[in-house]
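Take a look at the structure set out below.
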Ligand code: NAD
Ligand code: UDP
Ligand code: UDP
């Protein structure tokens, strides 16, 4: 078999990722960073079903091999354990860049993140000083968002691949405009506890646009609003996964603050559809990808009660610092330019997630996502 060999001056351990040339014309070669995570693994399923050759790069920080285990024997699939903070040489046509610790705000509740109780000063890039952090996971978020995105853009540049960044609605911070339109610049506290994520993604967007404008790299930017579904991390502190796991375990649902803050919840298959339409389309974005249905946390708790256990109790807890009061996407741009809009309502999507969670928590035969 003829192989395409990596070019360029890198001498990295993973530089030998070779793709048989014969496959090039028949199907797309796609890299998914963070592909063993929640969203990434659903995207990988769709790309594999389409007949693509898929490479997943993941350091398993929050991702799980279990999420992509069903592809491991497929010759069109390749899994590389790698941290995107380090350079990598690959040959692909498209890069979906998802790698990112997606719940940094909740590191206090996240058992997979090591909390280190000393102060760690760290300058990120080009004198861009982020300050001093209490916690190793924040430091890691910056490296992943900034250095990781830079590396993936450098890779896209070298191999002339199309690059898609999964940014976030958090770039709007605690928004002063409602619903949020892509032209809104946001209201982010640059020195707050959430800023490692918000500002990290904002820098990632800036880098993406600079590579596009300055170096003519083909890029796409998605601003993803709260998404839920099977394979979500069980204990990463996000509200839908918390409520579902709590109701199943017969624990009280923990509502932070007064529970009147709002979010819009998108089912994961809708998001994956939107990401693929964005990648294949002609528009750079940014595009809001989210479900415009808006719920208070108390309303969400009610939907969870109705779906799992009407007797589930609610327990109020103090809210986290800088928590956005409301969030709801304006998706007119995606509707018009991508022909995309979500199809699954919260009441339809939640039961699909519940059976997966039930299966993972209790190991019974009833649930399962795959
Ligand atoms: P996730 O934590 O399930 O997936 C992230 C994946 O990236 C994991 O598999 C993790 O192991 C991997 N990863 C993290 N740091 C890495 C590194 N340095 N090198 C290589 N791999 C690394 O989260 P998710 O919900 O699937 O999020 C995917 C993307 O979508 C993220 O970029 C996130 O910011 C974005 N997003 C998600 C939501 C949501 O509600 N799920 C909302 C907005 C944005
Ligand atoms: N890079 C990579 N793989 C590649 C090409 C680049 O990981 O195939 C990384 C490399 O570490 C570099 C970053 O991407 O630091 C940015 O690359 P670029 O060529 O844009 O910048 P330069 O190396 O010239 O600073
Ligand atoms: N939240 C809650 N109970 C929980 C976890 C979160 O009430 O157990 C609230 C949180 O304060 C926020 C909302 O739910 O107002 C959404 O939180 P999440 O972390 O899921 O997403 P994000 O804040 O990033 O939108």
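The values are calculated or read from the model by the stated rules, or taken from the named source; none is laboratory data. This structure is a prediction, so every number in the text was calculated from the model and none was measured. Cβ placement follows ideal geometry from the backbone for every residue including glycine, while neighbour counts extend to all protein chains displayed.
Overview of values
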| item | result |
| --- | --- |
| The lone exception for residue 75 - which of (1) within 26 Å of residue 155 (Cα to Cα); (2) assigned to a loop (DSSP other than H, G, I, E, B); (3) at pLDDT below 95 it fails | (3) |
| Qualifying residue in segment 188-196 (condition: within 16 Å of ligand 1 (Cβ to nearest atom) and assigned to a helix (DSSP H, G or I)) | yes |
| Test: residue in segment 93-111 that is at pLDDT 95 or above, within 16 Å of ligand 2 (Cβ to nearest atom) and surrounded by fewer than 23 Cβ atoms within 10 Å (Cβ to Cβ) | yes |
| Selected residue (criterion: farthest from residue 225 (Cα to Cα)) from residues of segment 75-93 that are touching a residue at least 60 places away in the same chain (Cβ under 8 Å) and either within 16 Å of ligand 3 (Cβ to nearest atom) or touching a helix residue (DSSP H, G or I) at 6+ places or on another chain (Cβ under 6 Å) (or both) | 91 |
| Options 237, 200: the member that is in contact with a helix residue (DSSP H, G or I) (Cβ under 7 Å, 6 or more places away or on another chain), closer than 28 Å to residue 361 by Cβ and either within 13 Å of ligand 1 (Cβ to nearest atom) or not in a helix (DSSP H, G or I) (or both) | 237 |
| Any hit, segment 323-342, residues being surrounded by 18 or more Cβ atoms within 10 Å (Cβ to Cβ) and closer than 24 Å to residue 67 by Cα | yes |
| Qualifying residue in segment 263-278 (condition: in contact with a strand residue (DSSP E or B) (Cβ under 8 Å, 6 or more places away or on another chain) and more than 14 Å from ligand 1 (Cβ to nearest atom)) | no |
| Residue check for residue 31: outside any loop (DSSP other than H, G, I, E, B) and within 16 Å of ligand 2 (Cβ to nearest atom) | yes |
| Strands (runs of 3 or more DSSP E) wholly inside segment 271-370 containing at least 3 residues that are over 22 Å from the mean Cα position of the chain (by Cα) and modelled with pLDDT of 95 or more | 314-317 |
| Residue 69 surrounded by fewer than 14 Cβ atoms within 10 Å (Cβ to Cβ) and at pLDDT 95 or above | yes |
| Considering residues of segment 142-171 that are over 16 Å from residue 227 (Cβ atoms) and more than 13 Å from ligand 2 (Cβ to nearest atom) only, the residue surrounded by the fewest Cβ atoms within 10 Å (Cβ to Cβ) | 162 |
| Test: residue in segment 153-164 that is in a helix (DSSP H, G or I), modelled with pLDDT of 95 or more, within 16 Å of ligand 3 (Cβ to nearest atom) and within 21 Å of residue 285 (Cβ to Cβ) | no |
| Where a residue in segment 53-74 is within 22 Å of residue 94 (Cβ to Cβ) and within 16 Å of ligand 3 (Cβ to nearest atom) and its partner, wherever it lies, is part of a helix (DSSP H, G or I) and at pLDDT below 95, with Cβ under 7 Å and at least six apart | none |
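This table checks each residue for (1) buried (at least 19 other Cβ atoms within 10 Å of the Cβ); (2) out of contact with any helix residue (DSSP H, G or I) (no Cβ under 8 Å at 6 or more places or on another chain).
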{"position": "216", "(1), (2)": "no, yes"}
{"position": "223", "(1), (2)": "yes, no"}
{"position": "249", "(1), (2)": "no, no"}
{"position": "267", "(1), (2)": "yes, no"}
{"position": "283", "(1), (2)": "no, no"}
{"position": "291", "(1), (2)": "yes, no"}
{"position": "316", "(1), (2)": "no, yes"}
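Every residue, every condition in (1) within 12 Å of ligand 3 (Cβ to nearest atom); (2) within 22 Å of the chain's Cα centre (by Cα); (3) at pLDDT below 95, yes or no:
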| position | (1), (2), (3) |
| --- | --- |
| 188 | no, yes, yes |
| 219 | no, yes, no |
| 222 | no, yes, no |
| 237 | yes, yes, yes |
| 246 | yes, no, no |
| 253 | yes, no, no |
